Amino acid sequence: MNELLKQKTHGLAIASLVLGCLSLIPLIGLLFSLLAIIFGVIALVTISNNKQTYKGVGLAIGGLALGFIGILMIPIIAMLLAITIPNVLRARTSANDAYAQATIRTIATAATSYSATNGRYPKTDLDLVESNPPYISRVYNGETIHGYAYSVKFSPDSYTIVATPETCYATGTKIFTMKDGEASESKCK
């Protein structure tokens, strides 16, 4: 009994367990996993060679186990990222497409309302913004919004609105056109 009280817990066994816990943190856990394994092995060897002086076998084994679990998590996280990232990018591109399509419809509706009130289409989309009350809240011509570049052209009796992806298949997949109320779309080139 007296011998157990004189034994002290090996510091590397404690460090192995702490690093093993930290190894469960995704992406940065690899370094902690390797250190937990190294410290755990060193602690086990030292404790087994000096049983009267040191204790902490359970801590060292716990650190080793957590270190190995941390290493095993890396391929699982990599696979999850490989699945998730393309899906997120596809969803963003799809959202940009929907936003661009809705935006050209909004501009077209504003231009039609302006024409009904004033007997002609506006000279620019700035006229739609500066009207009292405004038909739209911002100017789109020449702007890039949500990955789409907008071109808005008016004449007294017609209009053409085009939304083109800034980078094909990265920010959008289609070119949307609205000409005098007729909507069309084409594949990105």
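The numbers here are math on the coordinates, done by the rules we state, and not lab data. Given the structure is predicted, the values throughout are model-derived calculations rather than measurements. All Cβ positions, glycine included, derive from the backbone under ideal geometry; neighbour counts span all protein chains shown.
Observations on the structure shown:
- Filter result (of a type in the set (Phe, Trp, Tyr) and in a loop (DSSP other than H, G, I, E, B)) within region 132-148: Tyr135, Tyr140
- Any hit, region 159-175, residues being farther than 30 Å from Leu35 by Cα, out of contact with any strand residue (DSSP E or B) (no Cβ under 6 Å at 6 or more places or on another chain) and assigned to a helix (DSSP H, G or I): no
- Filter result for Val129 (surrounded by 14 or more Cβ atoms within 10 Å (Cβ to Cβ), among the β-branched types (Val, Ile, Thr) and in a loop (DSSP other than H, G, I, E, B)): no
Per-residue answers, yes or no, for (1) closer than 30 Å to Leu27 by Cα; (2) of a type in the set (Val, Ile, Thr):
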| position | (1), (2) |
| --- | --- |
| Ile74 | yes, yes |
| Arg92 | yes, no |
| Ala95 | yes, no |
| Ala98 | no, no |
| Ser115 | no, no |
| Tyr159 | no, no |
| Asp180 | no, no |
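- Qualifying residue in region 149-156 (condition: part of a helix (DSSP H, G or I) and buried (at least 16 other Cβ atoms within 10 Å of the Cβ)): no
- 1 or more residues surrounded by 11 or more Cβ atoms within 10 Å (Cβ to Cβ): qualifying helices (runs of 4 or more DSSP H) within region 1-89: 11-22, 29-49
- Any hit, region 79-92, residues being more than 30 Å from Tyr148 (Cβ to Cβ) and out of contact with any helix residue (DSSP H, G or I) (no Cβ under 6 Å at 6 or more places or on another chain): yes
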